[in-house]
Structure formats: structure tokens, C-alpha cells
Amino acid sequence: MWSRQLIIICTALSFVISAEGLIEVFGYKRRDVNITCHYDEGYQTYEKYLCKNNCDYSDVLITTTQKNKGKYSITDNIKIRVVTVTISDLQSRDAGKYWCGITVWGPDLYTEVKLHIKEDRCCNNVNKIQSIEEGSVTISCPYDSQSVDKLKFLCRGNRPSTCLQQAVITSSNTQNGRFRLSDDRKSTIFTVTISSLTLEDSGSYLCGVQRNSGFDDFSAVELEVKDSLHQTSSADQVTSQPPSHNPDVSLFYILPAVFALLLILTFVLLLVLKYKSRIKQVDGVNSNVLNSDDSNVEMRINDIYNLQEDAVYMNSSTPNMLNHDDNDIYNNIL
């Protein structure tokens, strides 16, 4: 083991100077990650292991003779000469430097591994879009100019760690049932159109761009599919009903209108009453005229008698006035 510790220090210095053997691995918290290391021909039967930090005896995490140890498991595919170590339930403390080692006579062989870990969620900004049932919607996913030739994909949910494996459509297969992907490389935007929408299509989606190294790039979308009947009734309700969110403004406009309407109604009512009154007066006059036809002569005779009596009285008191106007009064009555 002393020789192993010595060769570790020398090998680590060589990797710092030349990063040709460096393997970078990217994982998400509370998820699993695979560390894959290749080895040369002739080492198929040798023991392989994974260690951390300076790779002291206490830093060895698992060997091929153990298969499983805690959160670590290891497999060795001798046909393709690849050893794979799986670390489950990743935590922040799991990030850092590791070594893939091969136990040989003399100094062991090592390959440096750097593990990066971040939260399994996306994203701070979410693009919210709406559509109606049985309609269609287009989700726009921008990407940078360096990702023109990269694989694009869309998945449901908001977990980047499983997005590519659960993708509903990718740029390598642009049509998948109701999903269709189109990539505009000039504007660096790929779009996914979903047709014949159902209420179950509502939810979170991730637009993804695969990276050869590093974490894949993602942008988040929240889709809301509304019931078509509910949407129609809501639109009719908005059209037919006045806004009621500000009662002060509504009263400001309604009260003067009501007052003006009452004045108009009052004026019209007065005109109607006046018109009816005039009609009654005219009808009364006509009725009096009609009813007086039969007794017209009798009334005139009575008037003559009354005038004669007055004339006699006036003659006794004012003889000159009676003599002067008697004939005129008589003529007027007749």
C-alpha cells in the first residue's frame, strides 16, 4: 500500500499538469450517478476500485470483489473493458475528486474523476402559456448559438435528471403522435406543437438541449389547458356584464343617469296628465253644447225675462240710461 500512496501523489501531479485523463461527471442531488472508466487491454482480470481524495486505504469506497457497499455499487464489463461505479442518493458532500484504480504489481493505475452535483429542479423563470381543449399550442424553446447541432428535446415535469430519458419528443424524431418538433437554426429556437389538446396536457414541461459535457440546458414551461365550454361561457359573461371591481366609479356614472331618467319620466308624465286634462275640458264643452241644444230657446227666453225685470228696475232708478240702451240690450239678447 505504501507504493500505492507514492504513485498516487505522482499521478495526481501529472493530471493537474495534463488533464488528458480527467473525467467529469455531473449528477443531481438525491438522484443516482454513474462513473464510467475505460481501461486498456490486458487488465480484464485485475481488481478495479473507486477511491476519493488522496486515495489512502481509508479512502477506498468499493472494489470489484465487493460488488456492493453502502450507497456504492460496481460492475466490470470485460468485453468492452469498462468499469462502472454507481453512487446513489447523491448529496452535496459527494461532490469532489475521485479516482478509478486498477490493482497491479507495482504502482496501481489511476484515472482522475471530478464529480459535480446540483439541485434536481428547474427553473427560476417559467414561461406560462394557455390554450383550450381540442385546440393546439406551440411551445417555443430558445437556445444559444453553440447548441445548433445539439440534440433538442421536450419532457413533462420539472426534473432535469430524468428529462432526456422521459422525453416526449426529440430533434432526432420530430414527429411523435400529437407532438411535432421544428428547429429554426437561424433564430436558434426550436418549437414543439401539441395538437388535439386535452385537459390532462396541463402541467409542467422542460425544453432541453443536450450537452456533450456538463449539465444539459433547460428552460421551463407551464401549460394550462382550459375547458372549451367554460372558456366560452366566461367570455360571454365578461362581454355581457359591466365591470364591478370598482363600485365608486360605477356609482359615479350610474346615479346621474338614474336622476336624469327620473326627470325625463316626470316631465313625460306631466305632459300626459296635461294632455288628458285638455281632452276632458274639450269633451266637457262639447257635451254642454250638445246637451244645451234642446233647452236653448228656453234659456234665451229666461234671459229675456230677467233682462226685462232688470230693465224695469233700472228704468225706475235711471230712466235716461234705460231708454238709451234698452233697444241695444234687447237686440243683443235676441
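For segment 66-88, a residue qualifies if it is over 16 Å from VAL33 (Cβ atoms) and assigned to a loop (DSSP other than H, G, I, E, B), and the qualifying residues are GLN66, LYS67, ILE78, LYS79, ILE80, ARG81. Here SER147 fits the description: in the same structural domain as SER213 (by TED's automatic domain parsing), at pLDDT below 95 and under 30 Å from SER187 (Cα atoms).
Please specify each residue of segment 132-169 satisfying the condition of being aromatic (Phe, Trp, Tyr) and either free of Cβ contacts under 8 Å to residues at least 12 places away in the same chain or out of contact with any Lys or Arg (no Cβ under 9 Å at 6 or more places or on another chain) (or both). Steps first, answer last, please.
So in segment 132-169, the residues aromatic (Phe, Trp, Tyr) come out as 143, 153.
Matches in segment 132-169: PHE153 only.
Okay, residues lined up against (1) outside the structural domain of TYR43 (by TED's automatic domain parsing); (2) more than 30 Å from VAL221 (Cα to Cα); (3) of a type in the set (Gly, Ala, Ser):
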site: ILE78; (1), (2), (3): no, yes, no
site: ARG81; (1), (2), (3): no, yes, no
site: LEU90; (1), (2), (3): no, no, no
site: ALA95; (1), (2), (3): no, no, yes
site: GLY106; (1), (2), (3): no, yes, yes
site: LEU109; (1), (2), (3): no, yes, no
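Here TYR98, TYR72, TYR57, TYR110 are screened, and the one residue that is among the aromatic types (Phe, Trp, Tyr), surrounded by 12 or more Cβ atoms within 10 Å (Cβ to Cβ) and out of contact with any Leu (no Cβ under 7 Å at 6 or more places or on another chain) is TYR110.
For ILE80, the test of being surrounded by fewer than 18 Cβ atoms within 10 Å (Cβ to Cβ), of a type in the set (A, V, I, L, M) and farther than 19 Å from LEU22 by Cβ is passed.
The values are calculated or read from the model by the stated rules, or taken from the named source; none is laboratory data. Here the structure is a predicted model, which is why all the values come from computation and not from measurement. Because the Cβ atoms are built from the backbone with ideal geometry, glycine has one as well, and the counts that use them run over all protein chains shown.
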